[in-house]
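One structure, as structure tokens, below. Some questions next.
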């Protein structure tokens, strides 16, 4: 399971020209789920996302987490994040979860996030989404739960 996190001033996701999720200051999480991923890995990644210290403290150092700043979390599924790009000029998707397994783990991740954090918005699993963001920094990290 991979999570690409971006510290944002704001982020939103639209489906069929309708806004379905939006946050102000916080983290946009692009979530990639692989075929062998488990709920334990989802729990581990969520702990990292909520606790990762990428927000400025009083001395302008990256010392605060999303939990501490109480910022928003926008979770967007992105199967292309787990693509194999090592060979050729076309990505391979054999590492990706099946749609059923991916949706189940995505739903689990979102449920757990909402239990642990008070500002959680989402995209729509499997949909063609338009994601907008104002990256803060830019600050972007790839987190993995193995």
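No lab work stands behind these numbers, since they all come straight from the coordinates. Quantities reported herein were computed from a predicted structural model and do not represent experimental measurements. All Cβ positions, even for glycine, are placed from backbone atoms using ideal geometry, and neighbour counts span all protein chains on display.
To the nearest 10 degrees, how steeply does helix 39-51 sit against the main Cα axis of the chain, on a 0 to 90 scale?
That helix lies at roughly 30 degrees to the long axis.
Also, I was wondering about something else. In cubic angstrom, how much convex hull volume per residue do the alpha carbon atoms of the chain span?
115 Å³
Any idea what diffusion coefficient region 1-85 gets from Stokes-Einstein, in µm²/s, Kirkwood Rh on alpha carbon pairs, 37 °C, 0.692 mPa s?
236 µm²/s
OK, next. Per-residue counts of other Cβ atoms within 10 Å, averaged by peptide: what ranking do you get for 79-86, 31-38, 46-53, highest first?
Most protected by this proxy first, the peptides run 31-38, 46-53, 79-86.
For the residue pair residue 146 and residue 84, what label-to-label distance in nm results when each label sits 7 Å from Cα along the Cα-to-beta-carbon direction?
Taking the simple label geometry, residue 146 and residue 84 are separated by 1.7 nm.
May I ask you to compute the full-extension gain from residue 130 to residue 63, defined as 0.36 nm times their residue separation minus their alpha-carbon distance, rounded to one decimal in nm?
My answer for the length gained is 21.0 nm.
Less than 14 Å from a label point 7 Å out along the Cα-to-Cβ axis of residue 36: which backbone N atoms in region 97-135 qualify, by residue?
In region 97-135, the label zone of residue 36 (backbone N under 14 Å from the point 7 Å along Cα→Cβ) covers 97.
Along the Cα-to-C-beta direction of residue 94, a point sits 7 Å from the Cα; which residues of region 64-84 have their amide N less than 16 Å from that point?
Within reach of a label on residue 94: 82-84.
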